[in-house]
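Asker: This structure is in structure tokens; I'll ask about it shortly.
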Amino acid sequence: MIDIRRIRADADAVRAALARRHEDLSAFDRVRELDVRQRELIARRDDLRNRVKGLSREVGDLRRVGRGDEAEALQTESRSLGGQEQQLAAEADALGGELKDLLLRIPNLPAEDCPDGTGPEDNVVVRVEGYDPDAYGEHQRVPHWDIGAELGILDLERAVKLSGAMFTMYRRQGATLARALCQAALDRNADAFEEIRPPTVVLTDTMVSTGHLPKFEDDAYHLERDDLWAIPTAEVPLTSMARGEILAEADLPMRMMAYTPCFRREAGSAGRDTRGLLRVHEFDKVEILAYATPDQARDLHAELLARAEGLIAALGLVYRIVDLCTGDIGNSAARTFDIEVYAPGVDQWLEVSSVSWFSDYQARRANVRYRPTGGKGTEVVHTLNGSALAVPRVWAALVETHRQLDGSIALPEVLWPYLRGATTIGPRV
């Protein structure tokens, strides 16, 4: 969340930064109003508390010298002031709860160099790698759901029978390919990132830490009986790894990666890219994430992007890097670059990785701090993350791009070590 002290110190600048997101600013204005009122109540409460303490001392002094009647009168006054103090404290606490809820819903401030814009149409394409619309044959212009059915590697009908719409099931070498993609992503980042296998259901506080709650509750799967949430991404548990802890600056940056299933309700997506693998409720993904100091954050952002891009390039996929504008970055992000791959069978650019810098927004919610070397006090860490690889859309683009004239799929060499000797996926025998 945004530091309330920053709002107090320079409210106009914070408001101007939020205005770049083209969102309703009424919540921000309400925060300022509530903060002023709560501080006034706290000041009055503290004044009454000090008066009660002073009266208590006077009562004691009077009783010691035998002036009981006077002591009783002061004690009556003290009880009255004490009741007023409790009332003010309750009012201040109520305002504090409302204030915190609003702060949890207000988005992060976009980075100064984040492009201005109102939506996806204003995103900036930084560069395009390998795209030639005339280079594709008709055999590559077949959608992945038809390819998958023909080769027996994607069984959408039975997935729906088992779990309902927007669930999917890979079979035979299709399942092997999905696993191989994840293992390749883990291996390519194992040189610098600690592998973690976190739980896939988490506490409410864990979801709040990343900003997925309370704002995006409708997009998450909630296990109400146990009050646990199915994670939409491994970003959620990894961000909270050091929740409530103080790290040493010498241990930063701290790099982590995790393979997990991910679960998303995709509320409001009915009829929009819901065929095949373009938008699904459950999928496998490898996430890379880092804690950093503010000075380390920008270089780490570039590193995470380069790592995600490197695997997409190694898979032989056409892709582009997109700098998301202020009107399209995620609620918690300060700056985001997307990697989009071109899938010739559906003739679409598909977002397969978002690599984001969150400044101190998430870590402030999670209370992850570090102690500067040789300094006093503590500072809030910065968090960054990105999809090293998310399976469904990469799988789709890969089988469409690498489909051969005979209908088989030529598998990228980077995946061969994980495919039990296979280099192609051919028709069912």
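Values quoted throughout were computed directly from the atomic coordinates according to the rules given, and no laboratory measurement underlies them. Only a predicted model underlies this, so the values are computations on that prediction, with no experimental measurement involved. Here the Cβ positions follow ideal geometry from the backbone for every residue, glycine too, while neighbour counts run over all protein chains shown.
Asker: Tell me which of VAL126, LEU156, CYS114 sits at the most positive position along the dipole axis of the range 93-166, charges placed on C-beta atoms (Lys, Arg +1; Asp, Glu -1).
Answerer: LEU156
Asker: Restricting attention to the alpha-carbon atoms of the range 80-135, what are Rg (one decimal) and Dmax (integer), both in Å?
Answerer: Here Rg and the maximum Cα pair distance are 25.0, 85 Å.
Asker: Among the GluC sites (Glu not before Pro) within the range 143-244, which fall in a DSSP loop and have no more than 12 other Cβ atoms within 10 Å of their own Cβ?
Answerer: On the way: sites: GLU150, GLU157, GLU194, GLU195, GLU217, GLU224, GLU235; in loops: GLU224.
Sparse-neighbourhood loop GluC sites (Glu not before Pro): GLU224.
Asker: Same structure again: May I ask for the distance between the Cα centers of the range 340-379 and the range 79-129, given as a whole number of Å?
Answerer: Centre-to-centre distance over Cα atoms comes out at 18 Å.
Asker: Turning to a different aspect of this structure: Got a sec? Charge dipole of the chain, +1 on Cβ for Lys and Arg, -1 for Asp and Glu; which of TRP349, VAL201, SER26 is way out at the positive end?
Answerer: VAL201
Asker: Between SER359 and residues 5 or more places away or on another chain, which pairs have amide H atoms under 5 Å apart, with H built 1.01 Å from N, and which residues are they?
Answerer: ALA334, THR383
Asker: Now for a different question. Short version: ³J(HN,Hα) in whole Hz for each residue of the range 293-298, in order, from phi by Karplus 6.51 cos²θ - 1.76 cosθ + 1.60 (θ = phi - 60°), x for Gly and Pro, what are they?
Answerer: Each residue's phi maps through the Karplus curve to give 7, x, 6, 8, 4, 5 Hz.
Asker: In the range 1-36, whose amide N lies under 11 Å from the spot 7 Å out along Cα-to-Cβ of ASP122? List them in ranges.
Answerer: 19-23
Asker: I would also like to ask the following. How large is ³J(HN,Hα), in whole Hz, for each residue of the range 189-194 in order, when computed from phi with the Karplus curve 6.51 cos²θ - 1.76 cosθ + 1.60 and θ = phi - 60°, using x for Gly and Pro?
Answerer: Values, residue by residue: 10, 5, 5, 9, 10, 6 Hz.
Asker: Using the Cα centre as the reference, give the magnitude of the dipole from point charges on the C-beta atoms of the range 47-130 (Lys, Arg: +1; Asp, Glu: -1; all else neutral), rounded to the nearest 20 debye. Before the final figure, lay out the partial values.
Answerer: On the way: 11 positive and 18 negative charges, 166 e Å.
My answer is approximately 800 debye.
Asker: In the range 239-346, what is the volume of the convex hull around the alpha carbon atoms, normalised per residue and reported in Å³? Could you put the intermediate results ahead of the total?
Answerer: Working: hull volume 16.7 nm³, N = 108.
For the range 239-346, the hull spanned by Cα atoms encloses 154 Å³ per residue.
Asker: Can you tell me how much longer the chain between TYR131 and ALA192 gets when fully stretched, taken as 0.36 nm per residue apart minus their C-alpha distance, in nm with one decimal? Please report the intermediate quantities before stating the final value.
Answerer: Numbers: separation 61, 0.36 × 61 = 21.96 nm, distance 3.11 nm.
Gain on extension, TYR131 to ALA192, equals 18.9 nm.
Asker: Quick check on the chain: helices-only [θ] at 222 nm, where DSSP H runs of length 4 and up contribute -39,500 (n - 2.57) each and the sum goes over total residues. Nearest 500, please. Mind dumping the intermediate values first?
Answerer: On the way: 12 runs with 175 residues, N = 429.
Computed ellipticity for the chain at 222 nm equals -13500 deg cm²/dmol.
Asker: Size of the dipole of the chain about the Cα centre, Lys and Arg at +1 and Asp and Glu at -1 on the beta carbon, nothing else charged, in debye to 20? It would help to have the intermediate numbers written out before the result.
Answerer: Details: 54 positive and 70 negative charges, 217 e Å.
It works out to roughly 1040 debye.
Asker: Let me ask something additional. Out of the range 85-153, which trypsin sites (Lys or Arg not before Pro) are coil in DSSP terms and have no more than 16 other C-beta atoms within 10 Å? Before the final figure, lay out each step's value.
Answerer: On the way: sites: LYS100, ARG105, ARG127, ARG141; in loops: ARG141.
Here the trypsin sites (Lys or Arg not before Pro) that fit, given the DSSP loop and packing criteria, are ARG141.
Asker: Using amide H atoms built 1.01 Å from N in the peptide plane, name the residues 5+ places from TYR221, or on other chains, whose amide H lies under 5 Å from its own.
Answerer: ALA230, ARG265
Asker: Ok, one more. Let me check I have the definition right: for the chain, take the eigenvalues of the Cα gyration tensor, multiply each by 5, take square roots. What are those semi-axes in whole Å, largest first? If you can, show how the numbers build up before the last one.
Answerer: Details: eigenvalues 587, 92, 82 Å².
The three semi-axes for the chain are 54, 22, 20 Å.
Asker: Which loop-located chymotrypsin sites (Phe, Trp or Tyr not before Pro) does the range 83-163 contain, where loop means any DSSP state but H, G, I, E or B and the Cβ has at most 14 other Cβ atoms within 10 Å? Show your work: numbers first, answer last.
Answerer: On the way: sites: TYR131, TYR136, TRP145; in loops: TYR131, TYR136.
Listed in order of number, the matching sites are TYR131.
Asker: What shape does the range 79-172 take by its C-alpha gyration tensor, where a ≥ b ≥ c are the square roots of the eigenvalues and a/c under 1.5 counts as rounded, a/b above b/c as prolate, and the rest as oblate? Can you show the working numbers first?
Answerer: Working: a/c = 7.00, a/b = 2.05, b/c = 3.42.
Because a/c hits 1.5 or more and a/b fails to exceed b/c, the range 79-172 counts as oblate.
Asker: Still on this structure, please answer the following. Mean separation of Cα pairs under 8 Å and 6+ residues apart, divided by the residue count of the range 120-425: what relative contact order is that in percent?
Answerer: Values: 645 pairs, mean separation 75.7, N = 306.
It rounds to 25 percent for the range 120-425.
Asker: Next question, about the same structure. Once amide H atoms are built 1.01 Å from N in the peptide plane, which residues 5 or more positions from ALA388, or in another chain, come under 5 Å H to H?
Answerer: VAL286, GLU287, ILE288
Asker: Using θ = phi - 60° and the Karplus form 6.51 cos²θ - 1.76 cosθ + 1.60, what ³J(HN,Hα) does each residue of the range 32-43 get, whole Hz, x for Gly and Pro?
Answerer: Per-residue couplings from phi come out as 4, 5, 5, 4, 4, 5, 5, 5, 5, 5, 5, 5 Hz.
Asker: Additional query: Only Lys, Arg, Asp and Glu count, each charged at its Cβ (+1, +1, -1, -1), so figure out the dipole size of the range 4-105 about its Cα centre, rounded to 20 debye.
Answerer: 420
Asker: Which of the lysines could a cross-linker span from LYS285 if the Cα-Cα distance has to be under 25 Å and same-chain partners fewer than 8 positions apart are dropped?
Answerer: Leaving aside lysines fewer than 8 places away in the same chain, those within reach of LYS285 are LYS161, LYS215.
Asker: Per 10 Å bin from zero, what fraction in whole % of the C-alpha pairs of the range 292-378 is there, up to the bin with the longest pair?
Answerer: So the P(r) values, bin by bin, are 15, 38, 28, 14, 4, 1.
Asker: Sort 386-396, 202-212 by packing, meaning the average of other beta carbons within 10 Å per residue, with the highest value first. Present the calculation step by step, with values, prior to reporting the outcome.
Answerer: Values: 386-396: 26.2, 202-212: 21.4.
Peptide ranking by packing, descending: 386-396, 202-212.
Asker: Turning to a different aspect of this structure: Go through VAL36, LEU104, GLN86 and say which Cα lies farthest out towards the positive end of the charge dipole of the range 4-105; charges sit on Cβ, +1 for Lys and Arg, -1 for Asp and Glu.
Answerer: LEU104
Asker: Continuing with this model, one more query. Once each part is reduced to its C-alpha centroid, what is the distance from the range 313-338 to the range 196-242 in angstrom?
Answerer: What the calculation gives is 23 Å, centre to centre.
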